[in-house]
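Worksheet for the structure shown next.
Just so it is clear, none of the values below were taken in a lab; they were calculated from the coordinates. The structure displayed is predicted, hence computed values, not measured ones. In this analysis, Cβ positions are derived from the backbone assuming ideal geometry, glycine residues included, and neighbour counts consider all displayed protein chains.
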Amino acid sequence: MIINPYANVNWGTVQKIVSCSHEHCESQAQCNTLTATSGIKHICISNYYPSVPLYPIDETYTVPEGCISSPNAEHHSMTIKGTFVPAMHLNGLGSFFESGNPRGVEPVGCNGENCAVIIKQILEQLQYSDGGGVTINHPTWSGLNMGQIKYLLDLDDRVLGLEIFNTDFENQSGENMEANIQKWDSALKTGRRCWGFCVADHEGQSTQDWLGRNVLLVNSFDEHSCLQAYRNGEFYGQIRNSNLAFTNISFNNGVFSVSTENATKIIIVIDGHAIEYNGNEASVSVPSGATYIRAEGRSATDYIFSNPVMLKTINRRKSNMTRQILLMS
């Protein structure tokens, strides 16, 4: 089954809404720079200690007219398949689920609970049944191997994907964009649908530089539509607040085509193999048997990343029996 996240996008009329699926904000000043320097219009604060959704945002901070928010929080200190992985962090994008206590108060985070149980609770408390889900955060810094990433993706279709760019951990403890993208491509090559997220995390709290955002492609600018775009993969990742943008991503009759504004280079990735094109647009006939295809656009100062078109997928919908086994493992 082909999964093309852009199949229903009308590029001529679509609204491009800058959002972040993972950012921490603990003061009005930080909120001011978040909205001013990043251009973020859909605000999904993901604070922890405790992990409680800061929603709606205007009950805590004053935000510019035209900004909206969604519930979100970052959850950590869980086990995966019986192994305690305290650095494994998951965001409940669009969920009201809460965990943990204030800093220094036990229990910390999810207190070593099974990650499958936590994910189940996150999904049970989604604001909209057809929007939002779970993101796998900074996978390299977290120390997640491919077996663990595949396990998380297989728990539920609403485990949306992983972070391919996280400003806060860039070049720290081995966490960098290249390592995360390698994990992304490795997951995609197995036929697992996995969206790629670009996020600011804590970075703007110290540098005021809020790099990392997701550009949502919506017909209506409202909370529900934004969370639906995340669920469906109708977005692309971007590092900076620049004029670099995708203007079309399509797959028709075996041909994958991309056009951009202000790119100097386009990179098409098919099953982990990259093909470079100079200029603003590119088109390629996808070879028979390919599993996925995605695109990157680059300018002198910025990067953008499309989500993958999945040409072959494994069945990630588990039977009730399999889900129970996963929950118990």
key: GNM top mover of Pro107, Pro139, Pro50 - the chain, alpha-carbon springs below 10 Å   = Pro107
query = Based on DSSP, what percent of beta bridges with both residues in the chain are antiparallel, to the nearest 5?
reply = 75 percent
request  = Subtracting the Cα-Cα distance from 0.36 nm times the residue separation, let me have the gained length for Thr264 to Thr83 in nm, one decimal.
outcome  = 60.7 nm
task = For n ≥ 4 DSSP H runs only, could you compute -39500 (n - 2.57) per run for the chain, divide by its residues and tell me the 222 nm figure to the nearest 500?
result = -6000 deg cm²/dmol
ask   = Long-range amide H contacts for Ser69: which residues qualify at under 5 Å (H placed 1.01 Å from N, peptide plane, sequence gap of 5 or more or a different chain)?
value = Ile43, Ile57
ask   = Given the range 101-235 reduced to its alpha-carbon atoms as identical point scatterers, what log10 I(q)/I(0) does the Debye formula return at q = 0.10, 0.15, 0.19 Å⁻¹?
value = -0.36, -0.84, -1.29
query = How much net charge surrounds Gly272 when only other residues with a Cβ under 11 Å from its Cβ are counted (Lys, Arg +1; Asp, Glu -1)?
reply = 0
message = Suppose we keep just the alpha-carbon trace of the chain; what are its Rg and Dmax in angstrom?
response = 18.7, 57
Spacing of the two label points (7 Å from each Cα toward its C-beta) at Asn278 and Asn145, in nm = 4.4 nm
key: Cross-link pairs beyond the 21 Å C-alpha cut-off, checked among Lys81/Lys183; Lys150/Lys312; Lys183/Lys265   = Lys183/Lys265
